[in-house]
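Report on the structure given below.
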Amino acid sequence: MEMKEFGLNDIVEMKKGHPCGANAWKIIRMGADVRIKCEGCQHSVMLPRMEFNKKMKKILIKSETE
Ligand SMILES: [Zn+2]
């Protein structure tokens, strides 16, 4: 099974990119829901954590702050 450990401020790639053409999202809020912000157009989306887990493809940039 693939490791999908993500944290606040990580930049992640989703299975489906944003219609603006970008596929890099910054995690800006963690909780029962995860809020991510498109790095292309700054649009933000909130997903239940379980759904986020399913739709996230990989971590592009791991945040240095823990
Ligand atoms: Zn976008």
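Helix-only mean residue ellipticity at 222 nm, the chain, DSSP H runs n ≥ 4 weighted -39,500 (n - 2.57), per residue, nearest 500. What is it?
Taken over the chain, the calculation gives -2500 deg cm²/dmol.
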Per the chain, cysteines lacking a partner by the 4.7 Å Cβ criterion:
CYS38
The chain shape via C-alpha gyration tensor axes, a/c threshold 1.5:
rounded
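Just so you know, all these numbers are worked out from the coordinates, no wet-lab data involved. Keep in mind it's a predicted model, so treat the numbers as computed, not measured. For neighbour counting, all protein chains shown are included, and Cβ atoms are generated from backbone atoms with ideal geometry for every residue, glycine included.
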